[in-house]
Structures are given as C-alpha cells and as structure tokens.
1. Here is a list: Ala299, Ala269, Ala316, Ala254. Which entry is in a helix (DSSP H, G or I) and over 24 Å from Asn205 (Cα atoms)?
2. Across the stretch 97-122, what is the total count of residues that are part of a loop (DSSP other than H, G, I, E, B), in contact with a Phe, Trp or Tyr (Cβ under 9 Å, 6 or more places away or on another chain) and open to solvent by less than 30 Å² (accessible area, probe 1.4 Å)?
3. Given the conditions (1) touching an Asp or Glu at 6+ places or on another chain (Cβ under 7 Å); (2) open to solvent by 10 Å² or more (accessible area, probe 1.4 Å), and given that Leu212 satisfies all but one, which numbered condition is not satisfied?
4. Of everything in the stretch 12-50, what is within 11 Å of the ligand (Cβ to nearest atom) and of a type in the set (Gly, Ala, Ser)? Give them in sequence order.
5. Output the residue which, of all residues in the stretch 263-293 that are open to solvent by 10 Å² or more (accessible area, probe 1.4 Å) and closer than 24 Å to Thr304 by Cβ, is farthest from the chain's Cα centre (by Cα).
6. Any chance the stretch 152-159 includes a residue that's without any contact (Cβ under 8 Å) to a residue 40 or more places away in the chain, within 16 Å of the ligand (Cβ to nearest atom) and open to solvent by less than 10 Å² (accessible area, probe 1.4 Å)?
7. Being surrounded by fewer than 19 Cβ atoms within 10 Å (Cβ to Cβ), polar (S, T, N, Q) and within 16 Å of the ligand (Cβ to nearest atom) narrows it down to one of Gln237, Gln219, so name that one.
8. Got at least one residue in the stretch 172-184 being open to solvent by 20 Å² or more (accessible area, probe 1.4 Å) and more than 19 Å from the chain's Cα centre (by Cα)?
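The values are calculated or read from the model by the stated rules, or taken from the named source; none is laboratory data. No experiment lies behind these values; they were computed from the predicted model shown. Positions of Cβ are generated from backbone atoms using ideal geometry, with glycine treated the same way; all protein chains shown enter the neighbour counts. We work out accessible area using only protein heavy atoms, side chains counted, and drop any ligands, DNA or RNA first. Shrake-Rupley method; radii C 1.70, N 1.55, O 1.52, S 1.80 Å.
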Amino acid sequence: MTIQDFIPKPYSQTPESGSISFKAPSNIALVKYWGKYGEQLPKNASISFTLNNCATKTTLVYEKKSTDGFEFEVFLDGKREAGFEPKIQKFFERVALYLPFLNDYKFRIETSNSFPHSSGIASSASGMSALAMCLMSVEKSFSEAEITNSYFNQKASFLARLGSGSACRSIEGDLIVWGEHKNITGSSNYFGSKYPHSVHPNFKNYQDTILLVDKGEKQVSSTVGHDLMHEHPFAEQRFAQANANLDLLIPVLASGDLSKFIKIVESEALSLHAMMMTSRPYFILMKPNTLEIINRIWAFRKETNSKVCFTLDAGANVHVLYPESESETVQEFIQKELAQFCKNGEFINDHVGQGAIDLS
Ligand code: DP6
C-alpha cells in the first residue's frame, strides 16, 4: 500500500444529500506513541487494546453546495461546538486529497461521547475515528468500484491518523499496531492494523477500569507534547526503547505470561511520563493521587499475587488493567481502596472491544 492507493477514482454518483452514523471507541496503548514527524507519522511503533464502552457516536449529514472551500458545523450533544472546528478544518485540509467530495458538500457533524466531556478522557481518538468511518462510508456509497472491507478499514484508519495519531488504532479491535516494526508483518506508519501474531486467551476480554483522578482540561495538549520530543535529549533512546518493548511483548502475548506483561506495560507508562518530566519545558502530569493509586496497586499485587497493573496516558488518570478472571477481586479492590483517590469517587469500567460500528 502506498499513499497513492488512497486517492480515489472519480466517483460514479454524487447524491444531493445524505446522512450516516458511526460509533467508534477509544483505545489504550500498551506501548506508547509519543513523538511524530512529517504529516502525522509516528517515530516508533505502538500497540493498543481497543476499548468498548468509552466511545463517540457521530452522525454526518451532508448536502451538496456550489460554493468554494470547506463548509461544516460541529455539534456536541446537540449544541454547536465552534471550539472543535479549527481541528476539523485542519483535518479536512489534510484529507482533501484523499476525499475530493469534501469540497462539494456542506457538512453537519453531530457528535456525543459516552463519557463525560470533563472526564479528562481524550475524545480525539474515538471522535476522529468515528468521523473517518463516516467519511469512508460516504465515499463507499459514491464509488462504483467495489470497496473491500480491508481497504475500507485501512483507508478509514489512514484518514483517522491524519486527524489524531492514536485515532488510527480505534477503527478495529482488539489489539492494534501502528507504526512500522521489523517483526510485525503488515505494520505501517500510515495506518493501524490488527496485531498479526498469536494472542493467549489470558488477554481475551482484558479489563480496563479508568480511574478519573483529574477531570480538568489537559495541562499539555498532545500536540505540544509530541513537539517537545523534537529537541528532547533522550528522544532517540526512547523511540528505540518503544520498538524494543514491542519486540519483548510478542512472546509475552503468545505465552500469556502476565508477570512479564506487567513489567513492559508499567515501564512504558512511566517512560512516557519520564519524557514529559525531562523535556524543556518540563511537566509533571501525574497528581499525588496518581502516585497513591500506583503504590496501592503495587502493594495489592504483593499481598495477593494478583496480575493487576496500571498504565497512563498523557494525564493524571490511571487505567487499571487486569484479566477477566480477576474481575471480581479487582473490582472489590478498586471500590475499597482506589475509588477514594478519584474525583467524586468516579471511575469507568471498560474492557477490550472490536472497533467501530455502523449505526445507520
Ligand atoms: C499518550 O494521538 O492524542 O495517548 O497525533 O497529536 O493527535 P496527536 O496525538 P495523540 O497522542 C496520544 C499519545 C498517548 C499515547 C498513545 O495513545 O499511544
């Protein structure tokens, strides 16, 4: 696949108007993407579990127009959200070459998230992936030539990446790789794809409880964070480390060795935060309660032999990861010991899912 393959042939039909709806989930990276180059290309390969409950629903309504330039409006929960529009404008500019119909229609983008907007959970992965699925579906309905499922998903992921890097890992489930990696066949910097090697049943329906430690606006946007990797003294080592961690994960995913899994996943989370702490300017995105939770998880593991572990994204919230077989005991532990460190005691129970779905 090359970029050229994503430029469509002339459309066979272009209806006056239409509407399409998709739901797409968020994802949680085990090996993190942090640092990019060119047009949204990752500096290292990453891998994530696609989630199920944390999701965005998007309806795209389109109507032919004769004016020049992009025309669209974004609505969040029924209310106009002009704040999102610059990001969509930029996205449209990046993808126009691959979706020539963008110039010919006026769009109404209606979106809603399953998680509260103020939860501190980034909606860009699920939001951009839902929008990319809607756009791909419009293209499919305009095209004469058959669009296979695999091309559909690949191009949707390619488009989602141009909206937000990690969004390209939210099109399908359940374990998705993004970024060229020498030991992962089919991996690409341009789109996410299903992890192709064997995965032990221990990882089936893996659980992720998201502890909402800090629900405020992000202190550092991911765009700023990725940019800081350009001048970062440890950048090259970090990119090499991420690729090496993915290498280590391959036999662990196959054998189901959860002790080794924990070591890789927790180290990745802390390395990501170490990058932020050692950039210029530097940031601490963890809160005291983030550290409390991590220490409680470590103590619980020591006492009980549990295989529960944590990961973090670029914020203070903690993703608590555990196998389905431990659901009951870990849920009890979260209620008893960890919920007290969440804002208003709030957390979201999620688990691994299968990707975006058509709601039309
Ligand atoms: C820390 O995908 O939000 O969640 O490409 O600038 O939109 P942009 O960045 P984004 O970065 C997410 C980084 C991360 C790690 C990860 O999901 O791999």
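1. Unique residue meeting the criteria: Ala299.
2. The total comes to 3.
3. That leaves (2) as the condition not met.
4. Ser26, Ala29, Gly35, Ala45, Ser46, Ser48
5. Glu292
6. Yes, the conditions are met somewhere in the stretch 152-159.
7. Values: Gln237 fails: within 16 Å of the ligand (Cβ to nearest atom).
Just one listed residue meets the conditions, Gln219.
8. yes
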